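Remarks on the structure that follows.
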Amino acid sequence: MAHGEGARLSRALISKIILPRLCRSDRRHLVDAATVTTRGNRLAICTDSHTVTPLFFPGGDLGTLSVYGTVNDLVVAGATPRWLTLSLILEEGLPIPVLEAILDRAALAAERCGVEIVAGDTKVVPRGAADGIFINTAGIGELTGVECIGPQGIAVGDHILVSGPIGCHGIAVLAARETLGFDPAPESDLKPLFESVSALRNAVGGGTKAIRDATRGGVSAVLHEWATDCNLTFELDEAAIPVTESVRGACELLGLDPLVIANEGTFVAAVSAEESEVAVQVLRTLAGFEQASVIGRVCERTLTDVVLRRGHIRIPVEEPAGVLLPRIC
């Protein structure tokens, strides 16, 4: 299970087992969407599989998650989402009203994002083989502007920002799954990122070096991956990291670190120091992104990929290898 959680073991599985067998050497980068060119048209293509328990949780559901998750992968790759495929693996015994509700919410999410669901497939498997429903999607978007440089372009002195409070999705799913009874119940940050990422790019242009949505493995997984790509260290200021009271309380109670908890509507960006203040100001004008913040900076390489500054103390942030919370996206 740990190999599917988006952190160290996931990266090892992909880079050592999967990519060498399936991909050309020039495509062996862990990015959210591939870029292809056909007859002069530049496209971004991504695929994703979605599994979450419970199927409905505060702030979202599997149908909405499957659409927004795919759309957001295209968006952070610099594309305008256009088309989706959506395939279903249904477990014997799944109530038809549950299926209808999931599909209705997926359709509403696609309409909100301005994308068309153009193809799909349906399979039914025996009871106990799929835990209700699994959804696989593929997304295609158009690349019309200047793409981000990517993590290889991150430089010493650049700033790291997040678009909002972290850890909301993972804690919302955990609380609902285990019926923890928090009052109020933590709510997922599930939302599309097209408007916010477009506003950021329009405001600072080439000052945006890299963007990733911090899903499985959270902010920590993104920064560890970037540290490997750019061979630099990321120093975070704990006091600057936005965390809601419900997430903070749940993490303290359960012994979890918000940096490694999944998000579904929050992205991490590396931005040049000269542009970071403008970037934050622009994001904070958008609904749902009012707590966008600069949370750290890029430093010369040290022994640690990511370090957390707590007052005058610097604490290494280890990349998790075990299963913190499986089956959340």
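For segment 9-22, the count of residues that are at pLDDT below 95 and within 30 Å of THR179 (Cβ to Cβ) is nonzero. Based on this model, can you work out whether VAL271 counts as buried (at least 21 other Cβ atoms within 10 Å of the Cβ), over 24 Å from PRO192 (Cα atoms) and within 19 Å of the chain's Cα centre (by Cα)? No, not satisfied.
Looking only at residues of segment 297-329 that are within 19 Å of the chain's Cα centre (by Cα) and of a type in the set (Gly, Ala, Ser), we find that the one that is surrounded by the fewest Cβ atoms within 10 Å (Cβ to Cβ) is GLY322. Of all the listed residues (THR38, THR70, THR64), the sole one being hydroxyl-bearing (Ser, Thr, Tyr), out of contact with any strand residue (DSSP E or B) (no Cβ under 9 Å at 6 or more places or on another chain), under 21 Å from GLY141 (Cα atoms) and at pLDDT 95 or above is THR64. Quick one: in segment 170-190, of everything that is of a type in the set (A, V, I, L, M) and within 24 Å of the chain's Cα centre (by Cα), which residue is farthest from LEU256 (Cα to Cα)? The selected residue is LEU190. Among residues of segment 121-134 that are touching a residue at least 12 places away in the same chain (Cβ under 8 Å), those with a beta-carbon under 6 Å from a residue that is polar (S, T, N, Q) at least six positions away or on a different chain give the pairs ASP121/SER87; PHE134/THR51.
Screening ARG212 with (1) under 15 Å from the mean Cα position of the chain (by Cα); (2) surrounded by fewer than 24 Cβ atoms within 10 Å (Cβ to Cβ); (3) basic (Lys, Arg) gives one miss only, at (2). Mind checking which residues of segment 7-19 are surrounded by 11 or more Cβ atoms within 10 Å (Cβ to Cβ) and without any contact (Cβ under 8 Å) to a residue 40 or more places away in the chain? Correct list: ALA12, LEU13, ILE14, SER15, ILE17, ILE18, LEU19.
Restricting VAL260, VAL307 to those that are within 12 Å of SER220 (Cα to Cα) and in contact with a strand residue (DSSP E or B) (Cβ under 6 Å, 6 or more places away or on another chain) reduces the list to VAL307.
Yes/no per residue for (1) at pLDDT below 95; (2) out of contact with any strand residue (DSSP E or B) (no Cβ under 7 Å at 6 or more places or on another chain); (3) not assigned by TED's automatic domain parsing to the domain that holds VAL115:
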| position | (1), (2), (3) |
| --- | --- |
| ILE135 | no, no, no |
| CYS168 | no, yes, yes |
| ALA172 | no, no, yes |
| PHE182 | yes, yes, yes |
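The values are calculated or read from the model by the stated rules, or taken from the named source; none is laboratory data. Bear in mind the structure is a predicted one, so any value in this text is a computation, not a measurement. Backbone-built Cβ (ideal geometry, glycine too); neighbour counts: all protein chains shown.
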